[in-house]
Each structure stands twice: as structure tokens, then as C-alpha cells.
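Reading through the C-alpha cells given below for one structure.
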Amino acid sequence: MLVIYNAVLVDRNISQKGYIVCDKDKILSVHKNDGEKPDVAELKTDNAAMPGSGKITDNAATKDDITYYDAHGLTLMPAFIDMHAHFRYPGQPQKEDLDSGLAAAKNGGFGTLVLMPNTNPVISSYEDAMSVINQARARKMSNIFQTASITKNFEGRDTSHILNLNPKEIPVITEDGHDVLSADIMLDGMKKAASKNIIVSCHCEDPDLAVCARGYRQKALALMKEYKIPAWGVIPSDVKVPQNILDEITENLSKANELLEKAEDTFTERNIKLAHDADCRIHICHVSTKGAIESVQHAKQKGWKCTCEVTPHHIALTGEKIPEILALVNPPLRTQSDHDAVIAALRDATIDTISTDHAPHTADDKAAGAPGFTGSETAFAVCNTVLVKHEGFSLNRLSELMSANAAEILGLKKGLLQPEYDADFVLVDPDENWIVNAKNFASKGKASPFEGKTLTGRVKKLFVAGREI
């Protein structure tokens, strides 16, 4: 039995000093107090427990049966749940593997992660997905769900494998990294997913417009490579670039981003309508434009089965000017108007979850323009800094966005500090300032647009199933 005491308990609903009692891998009881270490007698008789809390019976425990953990006044929250992460496993160990990905998740406070299938080979079958899940389970760290692709091997044609999936083990399918071009094939896949109660998570991007945008990006990347400018939004102090070159890079990336805005808006609208026709649960990945957010708002107003996520980098950054426009990611960092729409959608609950889109790359791949950032280990700090410290969100709301809502979407008994919920916790210091140094990341990917920035809020410990990992 584990008792974590001398903590500030925070979830979607509560914010109070107290302690929490765990029996095996579940929360037994949650208590208010001023930080004192409870003894066995108090645990058996405490009247300050939350409604529904269990009690230790006279014969159930002695002092020797209880492990006490002093939180030293830190904040105890439900472990974070990431609905969108890339571990690059199998097939790309130079970028990430299960061990480095799980280590990064631990540092980031993520007790559960949903992994994308754009691996090598692409994960399409139930057997391949379960192989990854079972290998992760054997490591006894964070929990993972391995998604399968919507179309077999991302080939855009065959969706028959969906009918072989077990929704309890594989609750999400996705074509992440791109979208299904054919509306007919997407509708067919959504109908199969609906029959199995599987969520379709959509990377909403018109592939034809994305191809057009790629040409402008390649022109910019050629100049960036020539002048040794990295593709994660930081210009090294020893790199000198003529202003006309910076202007040309900015012009090309701006043209690419305009096309990618249209690509996101059009396919967000398309996919939501197709999902409604299929009576399918849809989750919109990394929503980033005002237009896409409006499409989600309209779907929710109609009562359709639509949820969405936003990334920490789209919460924190815009991409209109040097150096941020150089931080290449899909979808790209957006305009100030889009950013304002993201913050507003977080306030009014249009956006359901914050997901990292953790996307590690080698230095060479990132220099060549591979889109995406390493995000697990900075996610809480970025969101706490921007939303709680600057935008006036409560820590309760941040917990909801990073834990409770994702748990509800996935049908998990996680994300709240309540009796009978899973004993997955993160200890954080919401007021600690620290400077991001990607060299210290557990992830193999070291590209971060927050490199060298001071953030507020730091993860200290992660507990999964009542165990410190």
C-alpha cells in the first residue's frame, strides 16, 4: 500500500493540500490535511476522505505494510495522457526506440501514450500493434496504445484489416503523417471503425495542396542548408545570414504555409462530414487554424462525435517571422490570428486535449527539413508557462486538458484523483524556472523550438500503477 502525503492535490475538480492512499494499482482514498504524515490509525478512521473513498480495515494493513512517500509540498496531479506521439518503433532506432521514448515519457510525466503507426514497416495489423504493446508492457514503465493505420501500409486503398482490430487494445486508428486522399476509401474505413467503436484520428491535410507546398519548402531549405540554418526555429549566434536571403526564405515558407492552411481547413471539414455520415468517432489531430477550429465548433454544436487536440508548440508559438518561421513542422506554426483562435478554443472547451506530437529526428534529418519536434519533455512546462502563468488558466484546467479529457475519450479509468481510478500520478513543481537544454533530453531527438528558453513548471516524479518509475 502506498501513501503519498505532504502534497498539493490537483486534478480537474480539486485543488487542496492532502494525501492519497493507493491499494495495489488503484486509488483507495483521497484525504485533506495540512501535510502531516498520517499514521495507520488515521488511515482507518479518517473522516476527511473524499466521498466514495475506501478505508483500511483493521486486518488489512499494519505499519509495515505501508510505503510512505513524502511529496515535500510538490503538486500531485494525474499522470498526463498523450494522444499523439511518435516513438519511431519499429524501424528507425537512430531517431527513437521504445527505451528512449519511454524514458522521455517518464521525464515528461506521461503515464499513457498513443503511438502513431508511421513506422518502418507501417503498423497495420493487430499482430504488429500488439507486438509493440507487449514489448512496452514488459518494460513496466508508461502504458502505451499502438495505433494501426487506416489503410493497409498507408497505400490508400485497403481498409479490411480494421475489422480484425480489438478496440480494447487498439482504440485508435490513424494515417498520421498525411491523410487519406480518397473520400470513398476514408468513408469506408470510418464505417468499419464505427462498427468496432474505434476512434479515427485524422491528420487533416489535402495531399495535393501539401505537394504544392513542398516545392516552396524545398526552395527555403536549400538556402537554409547553404547558410547552415537549422530547421527548428533557432539561428545560432555564430551564423551570419544576409537579410535578402532571410527575406527569400521567409517568402517561400510563407507561401508554403498559406497552402498548408488551406490543406488543413478543407480536409478538416471533409473528414468531419465523412465521420458524421459513417456515425464514426473522429479525433482531429494537431488542430492549428482558425478555420479548422470553426469546423470542430460547428460539429460539436450539432452534437456530432468530434474531439480534437492541440500541440504545445501551437499553443506557445507563431510562425510568421524569423526565427520562428524556420521551425519546420506539420502542420506549420501559424499566424497570430490562428494562435488567438487556439487560445480561445482552449478557453471555451472546443479543444479537448493537449497532445505533444512528439516527433524525434536525427540532427541530419532535421537539417534536411524533416518536420516535427521533440516534445514530451517540455510539454507540461510549455503549457504551464503559456496557459497558467501568462493566460490565466487554472492548473485544474491544464490537468483536464492533459489528463482527464484524454482518459474519457479513450475510455480509461484515469485522469482524476478519485477512488477506484488508476494510481497514475505525476509530481510537479509548477513554479520552478528552468532553461531548456536539449542535450539533456532522454529522447534521441534533440530538436526543440524551445532550446535556450526559460520555462516555468517542472516534472519531478512519475508513478504508474502505484509504482515510481
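Every number in this text was worked out from the coordinates using simple rules, so none of it is lab data. Here the structure is a predicted model, which means the values were calculated and not measured. Every residue, glycine among them, receives a Cβ derived from its backbone with ideal geometry; neighbour counts consider all protein chains shown.
Across the chain, the relative contact order, built from alpha-carbon pairs under 8 Å that are at least six residues apart, equals 20 percent. The calculated Kirkwood hydrodynamic radius for the range 285-390 is 14.4 Å, given to one decimal from all distinct C-alpha pairs.
Both numbers refer to the Cα atoms of the range 359-465; Rg and Dmax are 15.6, 50 Å. Taking other Cβ atoms within 10 Å as a rough exposure proxy, Arg157, Arg281 sort from fewest to most as Arg157, Arg281. Using a cut-off of 9 Å between beta-carbons, work out the net charge of the residues near Gly457 (Lys and Arg +1, Asp and Glu -1, Gly457 not included). Once positives and negatives cancel, what remains is -1.
Classify the range 358-422 from the C-alpha gyration tensor, please: rounded if a/c falls under 1.5, else prolate or oblate depending on whether a/b exceeds b/c. In terms of gyration-tensor shape, oblate. Of all the C-alpha pairs in the range 406-458, what % are more than 19 Å from each other? Summing the P(r) of the range 406-458 above 19 Å gives 53 percent of all pairs. Sum up the charges of everything whose Cβ sits under 10 Å from the Cβ of Ser100, counting Lys and Arg as +1 and Asp and Glu as -1, but leave Ser100 out. Surrounding charge for Ser100 is 0. Once you've got the Cα coordinates, tell me which of Lys168/Lys414; Lys300/Lys321; Lys219/Lys262; Lys24/Lys168 are over 24 Å apart. From the list (Lys168/Lys414; Lys300/Lys321; Lys219/Lys262; Lys24/Lys168), the Cα-Cα distance tops 24 Å for Lys300/Lys321.
Projected onto its three principal axes, the C-alpha set of the chain covers 73, 54, 41 Å, listed from the longest axis down.
If you take the beta carbon distance between Ile322 and Asp208 as r and set R0 to 30 Å, what does 1/(1 + (r/R0)^6) give as a FRET efficiency, to the nearest 0.05?
On the way: r = 29 Å, r/R0 = 0.96.
For R0 = 30 Å, the calculated efficiency reads 0.55.
One Cα centroid belongs to the range 146-197, the other to the range 101-122; the line between them spans 20 Å.
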